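Chemist: I have a structure here, written as structure tokens, and I will follow up with some questions on it.
The values are calculated or read from the model by the stated rules, or taken from the named source; none is laboratory data. Quick caveat: nothing in here was measured; it's all calculated off a predicted structure. Cβ placement follows ideal geometry from the backbone for every residue including glycine, while neighbour counts extend to all protein chains displayed.
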Amino acid sequence: MTRVLITAGPTHEPIDAVRFIGNRSSGRVGVELADAASGLGWETTLLLGPSALEPTDSRVDLHRFRTADDLRVLLDRHFPACDVLIMAAAVADYRPARPAGEDAKLRRTGQEMSLALEPTPDLVASCASRRRLGQLLVGFALEPRDELMASAESKLARKGLDLIVANPLKTMDASTIEAWLVGPGGVVSQTPGPIAKADFAGWLVGQLSERRSRRSDGAAASSTQ
Ligand code: CTP
């Protein structure tokens, strides 16, 4: 049985006990992907950030994270056993370098304030660097329309992924998504225009399933030669 690991939703990086740096990801695409993968009979684990949504399929193994570091720990635990990783989470690229702590609250001073930020590690690139043979790694790239393909192709190579789902910035907060599936040789497939996120999930899982069966047919053919 195919084991799929999906990440979804935003990260919240604490500034102090009551404030954080977050982003507008709703987590919807990843949650729909988990339902679609589980519906196909795949053993599905979903790592979900601070999102109001949850999968409806009770077979999905759900784990919650808040920060990029929580997600790193969960990936360390769950990535080695998966066959497919779909990294749909909108992970912070920077976090407060010195958060004030869980019990502290920054006070108004009337003065200008600046917040020192430090980069977070690239989690999917780190998974790619320790991948097993046969694991399929899929990332997401949410980009301005005019930079979509160039950015997707450079992220694919830089992060060491097999596929990247390129989609325009307007996907965020929208109920639909228009996406291009990009591999090392360029676009391998695209949605027929903007489609509902639930339909997109079925479409993407179908593409990955086809790809995995082509791979295993290829492996079977080469082992009989
Ligand atoms: N990603 C990750 N770890 C991070 C940031 C992003 O694993 N710290 C993953 C996302 O889950 C996504 C892919 O990398 O699958 C692309 O995310 P994106 O934010 O578009 O890429 P960045 O590396 O942040 O590139 P840039 O800042 O140039 O947009």
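Chemist: For a quick check of your reading of the model, give me the residue pairs whose first member lies in the stretch 1-12 and is of a type in the set (Lys, Arg), whose second is away from the ligand (no atom under 14 Å from the Cβ), with beta-carbon atoms closer than 9 Å and at least 6 apart or on different chains.
Modeler: Sorted first by the residue in the stretch 1-12, then by its partner, the pairs are Arg3/Trp42; Arg3/Glu43; Arg3/Thr44; Arg3/Thr45; Arg3/Ala81; Arg3/Cys82; Arg3/Asp83.
Chemist: Is at least one residue of the stretch 79-100 in contact (Cβ under 8 Å) with a residue 40 or more places away in the chain, within 14 Å of the ligand (Cβ to nearest atom) and part of a helix (DSSP H, G or I)?
Modeler: Applying the first criterion (in contact (Cβ under 8 Å) with a residue 40 or more places away in the chain) to the stretch 79-100 yields 79-92, 94-96, 99-100.
So of that shortlist, the ones also within 14 Å of the ligand (Cβ to nearest atom) come out as 79, 84-92, 94-95.
Checking which are part of a helix (DSSP H, G or I) leaves us with 79.
Yes; the residues of the stretch 79-100 include at least one that is in contact (Cβ under 8 Å) with a residue 40 or more places away in the chain, within 14 Å of the ligand (Cβ to nearest atom) and part of a helix (DSSP H, G or I).
Chemist: Among the numbered criteria (1) within 16 Å of the ligand (Cβ to nearest atom); (2) exposed (fewer than 13 other Cβ atoms within 10 Å of the Cβ), which single criterion is violated by Arg215?
Modeler: Looking at each condition in turn, Arg215 falls short on (1).
Chemist: Still on this structure, I have one more. Is there a residue in the stretch 157-177 that is charged (D, E, K, R), over 15 Å from the mean Cα position of the chain (by Cα) and in a strand (DSSP E or B)? Let's see the steps before the verdict.
Modeler: First pass over the stretch 157-177, keeping only residues charged (D, E, K, R): 158-159, 162, 170, 173.
Remaining after also requiring over 15 Å from the mean Cα position of the chain (by Cα): 158, 170, 173.
Of the ones still in play, those that are also in a strand (DSSP E or B) are none.
Scanning the stretch 157-177 turns up no residue that is charged (D, E, K, R), over 15 Å from the mean Cα position of the chain (by Cα) and in a strand (DSSP E or B).
Chemist: Scan Ser175, Ser126, Ser189 and give me the residue that is of a type in the set (Ser, Thr, Tyr) and within 25 Å of Asp76 (Cα to Cα).
Modeler: Details: Ser175 fails: within 25 Å of Asp76 (Cα to Cα); Ser189 fails: within 25 Å of Asp76 (Cα to Cα).
The match here is Ser126.
Chemist: Step by step: first the residues of the stretch 109-147, then only those that are of a type in the set (Val, Ile, Thr) and either within 7 Å of the ligand (Cβ to nearest atom) or under 18 Å from the mean Cα position of the chain (by Cα) (or both), then the one that is surrounded by the fewest Cβ atoms within 10 Å (Cβ to Cβ). Which residue is that?
Modeler: Applying the first criterion (of a type in the set (Val, Ile, Thr)) to the stretch 109-147 yields 109, 120, 124, 138.
With either within 7 Å of the ligand (Cβ to nearest atom) or under 18 Å from the mean Cα position of the chain (by Cα) (or both) added as a condition, the list becomes 120, 124, 138.
Numbers: Thr120: 18, Val124: 24, Val138: 24.
Once the filter is applied, the top-ranked residue is Thr120.
Chemist: Filtering the stretch 1-48 down to residues that are part of a loop (DSSP other than H, G, I, E, B) and small (Gly, Ala, Ser), which residue is surrounded by the fewest Cβ atoms within 10 Å (Cβ to Cβ)? Break it down stepwise before answering.
Modeler: Going through the stretch 1-48, the residues part of a loop (DSSP other than H, G, I, E, B) turn out to be 1-2, 9, 11-12, 15-19, 22-27, 40-42.
Adding the requirement that they be small (Gly, Ala, Ser) leaves 9, 17, 22, 25-27, 41.
Working: Gly9: 30, Ala17: 14, Gly22: 16, Ser25: 24, Ser26: 19, Gly27: 23, Gly41: 11.
If we take residues in the stretch 1-48 being part of a loop (DSSP other than H, G, I, E, B) and small (Gly, Ala, Ser), then Gly41 is surrounded by the fewest Cβ atoms within 10 Å (Cβ to Cβ).
Chemist: Taking only the stretch 49-75 into account, find how many residues are assigned to a loop (DSSP other than H, G, I, E, B), more than 27 Å from Glu118 (Cα to Cα) and not β-branched (Val, Ile, Thr).
Modeler: Looking only at the stretch 49-75, we keep the residues that are assigned to a loop (DSSP other than H, G, I, E, B), and these are 49-60, 65-67.
Those left that are additionally more than 27 Å from Glu118 (Cα to Cα): 52-60.
Among the residues that remain, those that are also not β-branched (Val, Ile, Thr) are: 52-55, 57-59.
The number of residues fulfilling the criteria is 7.
Chemist: Looking at the stretch 101-144, which of the residues that are assigned to a strand (DSSP E or B) and among the acidic types (Asp, Glu) is modelled with the highest pLDDT?
Modeler: In the first step, residues of the stretch 101-144 are kept if they are assigned to a strand (DSSP E or B); the result is 117-119, 136-143.
Adding the requirement that they be among the acidic types (Asp, Glu) leaves 118, 143.
Working: Glu118: 98, Glu143: 94.
The qualifying residue modelled with the highest pLDDT is Glu118.
Chemist: Identify, from the list Ser58, Ser26, the residue that is polar (S, T, N, Q) and within 15 Å of the ligand (Cβ to nearest atom). Write out each step before concluding.
Modeler: Values: Ser58 fails: within 15 Å of the ligand (Cβ to nearest atom).
Of the residues listed, the single one that is polar (S, T, N, Q) and within 15 Å of the ligand (Cβ to nearest atom) is Ser26.
Chemist: Kindly indicate which of Leu48, Leu53 is within 15 Å of the ligand (Cβ to nearest atom), aliphatic (A, V, I, L, M) and farther than 17 Å from Asp122 by Cα. Steps first, please.
Modeler: Details: Leu53 fails: within 15 Å of the ligand (Cβ to nearest atom).
Within the list Leu48, Leu53, the selection yields Leu48.
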